[in-house]
Amino acid sequence: MNIIVCAKQVIDPEAPPASFKVDPSSNKVVPPPGVSPVISPFDEQAVEAALRIRDAQGGKITVISLGVNLLRDVVKKPLYMGADELILLEDESFAEGDSWSTAYALAMAIKKIGEYDIVFCGRQAADWDAGQVGSGIAEILGLPGVTVAKKIDITDGKARVERVTADGYEVVEVSLPALITVSNELGEARSPTLKGIMAGKKKEPVIWKPADIGVEASQVGAAGRRTGLLKLFQPVREGKCEIIEGASPEEAAVNLALKLREAKII
Amino acid sequence: MAEYKGVMIYCEVNEGKLAAIATELLGCGRKLADALGQELCAVLVGSNITGLGKGAIASGADKVYEVNDPLLKDYQTDSYVTVMEKVVKQAMPQILILGQTSIGRDLAPRLAFRLDTAAAMDCIALAIDPDSKQLLQTRSVYGGNALATFTSACSPQIATVRAKAMSPLKPDASRQGEVIAIKADLDPSAIRTKVLEKVPEEVAGIKLEDAEVVVAGGRGIGNADGFKQLQELARVLKGAVGATRPPCDNEWVPDAAQIGLTGKIVTPDLYIGVALSGASQHLTGCSGSKSIVAINKDPEANIFKVAHFGIVEDWKKVLPAFTEKVKELLGG
Ligand SMILES: Cc1cc2nc3c(=O)[nH]c(=O)nc-3n(C[C@H](O)[C@H](O)[C@H](O)COP(=O)(O)OP(=O)(O)OC[C@H]3O[C@@H](n4cnc5c(N)ncnc54)[C@H](O)[C@@H]3O)c2cc1C
Ligand SMILES: Nc1ncnc2c1ncn2[C@@H]1O[C@H](COP(=O)(O)O)[C@@H](O)[C@H]1O
């Protein structure tokens, strides 16, 4: 089984909401100081999905990350977890892309890799929350796709995928090669072991520039965008919470009930 | 070459009826179409959907396209994208709106790439720029920490809209409109997936997304047993139980109970958040609630920034007394 996983470096989505800042003059997010970026959580789970398949039936896992200022210790986490190879699409021209230009570059890199049975993506990247790149890659490469997967079983050249829906899940069979996007219902991604980290540290990522994947710099990143960002801003939260007190927690509870009754909320 | 014109709504069908999201989108689409001085059309795709077009017209559509075919019984990416590609190429709408639902999340991006255009996912506001006549697409980004307004010069402009972000019109059965059938013409061999089974994981009682009261628990509830206390309070208030992601991941509650960015969107009259911190990704799913009550032992918890009433205590000490008092107040 040859498996490709697309994993993106993002600002830690679970950093305290109060640390989140936007610079309105540049329409950009100011990375919170002292908080390290991470691999987008759903992408870690995509790596986990790949590792589970390789554990069961062997194969090779190649991870691709596209971006600029990729911190080696961050983007190498999939290697530390056990992936075999890391390709970085790292070049200034890849910066500031949208779903289109990102999917296009990743699809061209996957095409260059050539041999694959499954491409895994996260259901959405935890920065722009678009949830488009997986479907975009599938469409560009002409692959069938299943999105929001929580379990993947491979038999006889087909994948049986449990796809999460609003009220449960459906079991979908898809022929391979296919693109599958992974959701958190898959279960927690494994933590790197010390041995895994040692092995990963020794591996050097392969770096590809636009020319390496046969595209012009004008087709990727900001230049290849199809959408324009007009404005980025933070919603204002009113923040006037009335704290209900009492001599004891039980009394506070009673006071809260009375208050809600008085306000005709219950 | 024909020009892209008008607004098109992809109307989901649920258990043989127009889904709530469909009427919400028609309400929003009507405003956009009026702002452009153009037509609003609806698309219905499925099997046994004939007759539903009238409902779409009553809810605001001027025209309905129906694609009825046994092969369209289940949503499948390949069949639905192919059919929608055909509909869009025939009707040439300038704007196409879908719901941010299990279907919309899958269909919209794939269709956008097929049609060589762009999509904006999970929008909470749509407007027409008075000068450029472009669609201004405002969506939440960074887990709800920020909002971003996007435009695109591509046609059609595709957007998905979050549940409950738009208001439906009052249905008017006297509204007139045209229903046009489009043939699916699907090649079954081009459908590369097969739905083998659908497994419902429904939470018993009132549906979370319809409940007027939601009692939600977080990681601090600690275990499945703790959620029984929340169920008792929900029962007394005739509401439903929801959760943040950790209780779902830990299997204390079914995944279908998750509220938030990647879960359900709820807008009850009363939302009681117990032992949850109020992460942006969670608030995305509940901040539209009329009244928000928070019980958390940490006074710095983010949930207090959006709550109207709060208690800073261990929930285990607060909840039994609160439930008892509510019972008494509602009983008498
Ligand atoms: C891309 C992405 C999408 C996500 N989507 C969602 C989503 O849809 N929905 C969602 O909910 N989350 C989602 N998350 C996860 C989200 O970021 C948070 O991790 C999650 O909401 C935290 O859940 P919590 O508040 O229950 O847990 P925590 O943040 O751990 O908070 C627990 C709280 O309980 C309090 N507490 C503990 N014990 C007690 C006690 N005895 N009495 C009173 N209070 C107590 C603590 O003070 C703390 O504030 C998503 C994350 C990402 C990255
Ligand atoms: N810059 C990137 N590098 C690697 N993978 C990416 C990148 N951007 C998006 N992806 C993949 O596409 C998925 C969906 O991204 P998005 O459509 O941006 O929400 C992510 O979960 C990743 O698997």
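Mind telling me which of the residues A:ASP12, A:ASP73, A:ASP23, A:ASP55 ends up being of a type in the set (D, E, K, R), farther than 19 Å from A:ALA189 by Cβ and away from ligand 2 (no atom under 13 Å from the Cβ)? Write out each step before concluding.
Details: A:ASP12 fails: farther than 19 Å from A:ALA189 by Cβ; A:ASP73 fails: farther than 19 Å from A:ALA189 by Cβ; A:ASP55 fails: farther than 19 Å from A:ALA189 by Cβ.
The conditions single out A:ASP23.
Please work out which residue is surrounded by the fewest Cβ atoms within 10 Å (Cβ to Cβ), limiting yourself to segment B:250-275 and to residues that are more than 8 Å from ligand 1 (Cβ to nearest atom) and farther than 26 Å from B:ILE21 by Cβ.
Restricting to residues being more than 8 Å from ligand 1 (Cβ to nearest atom) and farther than 26 Å from B:ILE21 by Cβ, the top hit is B:GLU251.
Quick one: how many residues across segment A:151-170 are outside any loop (DSSP other than H, G, I, E, B), more than 8 Å from every other protein chain (Cβ to nearest Cβ) and surrounded by fewer than 20 Cβ atoms within 10 Å (Cβ to Cβ)?
5
Among the residues that make up segment A:177-192, is at least one of them more than 10 Å from chain B (Cβ to nearest Cβ) and on the phi > 0 side of the Ramachandran plot?
No, there is no match, as no residue in segment A:177-192 is more than 10 Å from chain B (Cβ to nearest Cβ) and on the phi > 0 side of the Ramachandran plot.
Taking the residues in segment A:135-149 that are more than 8 Å from chain B (Cβ to nearest Cβ) and in contact with a strand residue (DSSP E or B) (Cβ under 8 Å, 6 or more places away or on another chain) as candidates, determine which candidate is most open to solvent (accessible area, probe 1.4 Å). Steps first, answer last, please.
Step one: of segment A:135-149, the residues more than 8 Å from chain B (Cβ to nearest Cβ) are A:137, A:141-143, A:149.
Now drop any that are not in contact with a strand residue (DSSP E or B) (Cβ under 8 Å, 6 or more places away or on another chain), which leaves A:137, A:141, A:143, A:149.
Values: A:ILE137: 0, A:LEU141: 35, A:LEU143: 10, A:ALA149: 0 Å².
Across segment A:135-149, the extreme among qualifying residues is A:LEU141.
One line per residue, one yes/no per condition, for (1) in the same structural domain as B:VAL326 (by TED's automatic domain parsing); (2) more than 30 Å from B:ALA58 (Cα to Cα); (3) in contact (Cβ under 8 Å) with a residue 60 or more places away in the chain; (4) surrounded by 13 or more Cβ atoms within 10 Å (Cβ to Cβ):
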{"residue": "B:LEU136", "(1), (2), (3), (4)": "no, no, no, yes"}
{"residue": "B:ARG139", "(1), (2), (3), (4)": "no, no, no, yes"}
{"residue": "B:TYR142", "(1), (2), (3), (4)": "no, yes, yes, yes"}
{"residue": "B:PRO156", "(1), (2), (3), (4)": "no, no, yes, yes"}
{"residue": "B:LEU169", "(1), (2), (3), (4)": "no, no, yes, yes"}
{"residue": "B:ALA184", "(1), (2), (3), (4)": "no, no, yes, yes"}
{"residue": "B:LEU230", "(1), (2), (3), (4)": "yes, yes, yes, yes"}
{"residue": "B:VAL236", "(1), (2), (3), (4)": "yes, yes, yes, yes"}
{"residue": "B:VAL241", "(1), (2), (3), (4)": "yes, yes, no, yes"}
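May I ask you to say which residue of A:VAL133, A:VAL63, A:VAL68 is among the aliphatic types (A, V, I, L, M) and within 16 Å of ligand 1 (Cβ to nearest atom)? Even if it seems obvious, please write down each step before you answer.
Values: A:VAL63 fails: within 16 Å of ligand 1 (Cβ to nearest atom); A:VAL68 fails: within 16 Å of ligand 1 (Cβ to nearest atom).
Just one listed residue meets the conditions, A:VAL133.
Would you mention how many residues in segment B:183-209 are facing chain A (nearest Cβ under 8 Å) and either among the small types (Gly, Ala, Ser) or in a strand (DSSP E or B) (or both)?
8
Take A:ALA56 and decide whether it is part of a helix (DSSP H, G or I), away from ligand 1 (no atom under 16 Å from the Cβ), surrounded by 13 or more Cβ atoms within 10 Å (Cβ to Cβ) and on the phi < 0 side of the Ramachandran plot.
Judged against the criteria, A:ALA56 is not a match.
Find the helices (runs of 4 or more DSSP H) located wholly in segment B:219-332 whose residues include 3 or more that are at negative phi, at the interface with chain A (Cβ under 8 Å from one of its Cβ atoms) and away from ligand 2 (no atom under 16 Å from the Cβ), and list them.
Of the helices (runs of 4 or more DSSP H) lying wholly inside segment B:219-332, those with at least 3 residues that are at negative phi, at the interface with chain A (Cβ under 8 Å from one of its Cβ atoms) and away from ligand 2 (no atom under 16 Å from the Cβ) span B:245-249, B:315-331.
Looking at (1) facing chain A (nearest Cβ under 7 Å); (2) under 22 Å from B:GLU24 (Cα atoms), which one does B:SER152 not meet, given that it meets all the others?
(2)
Of a type in the set (Gly, Ala, Ser), surrounded by 20 or more Cβ atoms within 10 Å (Cβ to Cβ) and over 30 Å from A:THR165 (Cβ atoms), is that true of A:SER99?
Criteria not met by A:SER99.
Return only the number of the condition from (1) within 22 Å of A:LEU66 (Cβ to Cβ); (2) in contact (Cβ under 8 Å) with a residue 24 or more places away in the chain; (3) touching a helix residue (DSSP H, G or I) at 6+ places or on another chain (Cβ under 9 Å) that A:LEU229 does not satisfy.
Failed condition: (3).
Being surrounded by 24 or more Cβ atoms within 10 Å (Cβ to Cβ) and over 10 Å from A:GLY136 (Cβ atoms) is the filter; apply it to segment A:110-122 and report the residue that is farthest from ligand 1 (Cβ to nearest atom).
A:ILE118
The values are calculated or read from the model by the stated rules, or taken from the named source; none is laboratory data. Computed from a predicted model, the values in this text were never measured in an experiment. When we count neighbours, we look across all protein chains shown, and the Cβ atoms used for this are built from the backbone with ideal geometry, even at glycine. Heads up: the accessible areas ignore ligands, DNA and RNA and are worked out on the full protein's heavy atoms, side chains in. Shrake-Rupley method; radii C 1.70, N 1.55, O 1.52, S 1.80 Å.
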